[in-house]
Each structure stands twice: as C-alpha cells, then as structure tokens.
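Following: one structure in structure tokens, then a few remarks.
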Amino acid sequence: MGFHVCVGGCDGCLNLADDSNKGLVVHYNHLKDNLFPKWRNHLSLADYAVLSAYEAFKAGVQANTGCDGGQCSIDLPFTSGRRTCANPESPPTNTVFPKGHDAASPRTFLQQGFGLTENEMVALLGSHSLGRAHVDVSGFNGPWDLTPRVVDNGYFSALARVEWTQHFQEEAGANQWNGTTLSGSNIMMLHADMILQHRFTVDSNNVASCPTTVDCPLATTSDTVQRFAQSNDAFISTLGRAVVKMCNTANFDTARRQLFN
C-alpha cells in the first residue's frame, strides 16, 4: 500500500475507484477508519500510512534470515509532518499509475516520480518479492517468487535463473511471464519485472518481441539483478534508500516536520 498512497505525493489518500487500487479497498479503509483514529493527535493520515508501510517492510525483511550474520534488517528513518489530502473521503481522481504489463513506463515513473537512481529503481521493483498477483484483482495470477511473505532476493534469483515463457492471461487481457523453479513451483513476472533482466519491445497487443527469455538479450540492468540475486544485504540496503526516497516525496508542513531515527 505504501507505493499506492505515495503515487501523487504520499498524501495518505487513495482513489478506491481506480482499478490500480482494487485490491486495497478493505485494507485502506481499515487503516483509515479503525487504526488511524488512535494516532490522529500525533500524526497526520499521510504520516500514518507511511509509518504503516515502513512497519510492513520491516516485518517482511525481518522474516529473511539470509543476510550476513543471519536475520536481515532495513534502515527506514521516519520523518513526520506530511500533509494529508484535503478530503480523504473524496480523494483526487487524476493520479496516474504505471501499469505492470507495460515494459518501459514503470521504470521511468519510479526514477522520475520518486527521484530514484537506476539501482534504487531495480530494488524497489524487487519489493514484488512480498505478495502475489490475484486473478480477481489485477487479472494476473501467481507469486513472483517462492517466499511471498518475505522480503528477500528470491525475486532477483528467479529473474536471473528461471527460463520464462510469455503467456496470455485472459482475465488481465495482457501477457505475463510464467516460469517453473527447480523445485517444480510455478511463479510469474510482468513485463515491468522482466525488462530488468532482458531487453525486448512490446507491441500494441502487449506481446513481447521474444516469446521466451532464451530468445531475449540481457538488459543493461541485468548486472544489478545478478548482484541482488547474489546478496540479500546489497538488495535490502538499496531497497531501504529507495523506500525512504519514495515516502519523502510529500508535501511537508515545515513546522511539524520531525525526523525519528
């Protein structure tokens, strides 16, 4: 949810009529109506949405025991003072989300919209490690890696090591990439994910120029994918910087702005 509330400026508001937010209706309303009221004297709704996202990232990372020394951790210093949109019950409707079945625009969006470096953009897309796609929400189906409840580098290992084949996902009206791990588990990727490892173009029918990744040359960001696939520490430290940048693209009230380490 952290990404969704930060598209347009981390103002704590979400247009629930937008299909891009379809799977977040219950969760967002619970946060806004049930959890946030206990904190409204201390934080804005925009602050609370970001703090909740931080805690979710921390829990997902702490479930990862693949870092040097064992359990992983992520550095997410929290700054308060964000201004909430004028009316959370009727949020702005002109926010435009990047589409996962589009290969190029999510990369551009993350770098320009949140001021991320190329490595940080790759790492933030790696947060797909947490969760899965649901047919009844997006039309796409499956987890991105084998550990959908853990923030780890399994996403990058899958990108780099699995052989992928395009598959038309009828419910989405677009293509996803399907792969099978060595253990026989089925996983998926979207064009926005696959473009990090392989270079291809997408036509007007959402079909990539290579039907399988065997036919695709490597992308310029494949070195970063490989580096993150080999090191949870490298991935998580970069992800932390990306998340903080994303969550600080907000309209802050200078008088209320305060950093908590």
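The values are calculated or read from the model by the stated rules, or taken from the named source; none is laboratory data. All values reported here derive from a predicted model rather than from experimental measurement. Don't worry about glycine lacking a Cβ; one is built from the backbone with ideal geometry, like all the others, and counts go over all protein chains shown. Side chains are part of the model used for accessible areas, which takes the heavy atoms of the whole protein and leaves out ligands, DNA and RNA. Shrake-Rupley method; radii C 1.70, N 1.55, O 1.52, S 1.80 Å.
Restricting the search to the range 36-81, which residues are part of a helix (DSSP H, G or I), among the aliphatic types (A, V, I, L, M), over 13 Å from Val243 (Cα atoms) and open to solvent by 40 Å² or more (accessible area, probe 1.4 Å)? If the condition is that a residue be part of a helix (DSSP H, G or I), among the aliphatic types (A, V, I, L, M), over 13 Å from Val243 (Cα atoms) and open to solvent by 40 Å² or more (accessible area, probe 1.4 Å), then Ala59 is the only one that fits. Output the residues belonging to the range 108-140 that are part of a helix (DSSP H, G or I), in contact (Cβ under 8 Å) with a residue 40 or more places away in the chain and over 21 Å from Asn21 (Cβ atoms). Residues satisfying the conditions are Glu118, Asn119, Glu120, Met121, Val122, Ala123, Gly126.
Residues of the range 193-212 that are modelled with pLDDT of 95 or more and touching a Gly at 6+ places or on another chain (Cβ under 9 Å): Asp193, Leu196.
Determine whether Glu170 is open to solvent by 70 Å² or more (accessible area, probe 1.4 Å) and either at pLDDT 95 or above or among the aliphatic types (A, V, I, L, M) (or both). So Glu170 does not fit the description; no. Screening the candidates Thr79, Thr108 for the property of being polar (S, T, N, Q), at pLDDT 85 or above and over 19 Å from the mean Cα position of the chain (by Cα) yields one hit, Thr79. Those helices (runs of 4 or more DSSP H) of the range 179-255 in which 1 or more residues are open to solvent by 20 Å² or more (accessible area, probe 1.4 Å), in contact (Cβ under 8 Å) with a residue 24 or more places away in the chain and under 20 Å from Tyr155 (Cβ atoms) occupy 222-230, 232-247. In the range 3-15, the condition of being open to solvent by 60 Å² or more (accessible area, probe 1.4 Å) and without any contact (Cβ under 8 Å) to a residue 12 or more places away in the chain is met by no residue.
When restricted to residues that are touching a helix residue (DSSP H, G or I) at 6+ places or on another chain (Cβ under 8 Å) and either part of a helix (DSSP H, G or I) or over 23 Å from Gln71 (Cα atoms) (or both), the range 141-161 contains 7.
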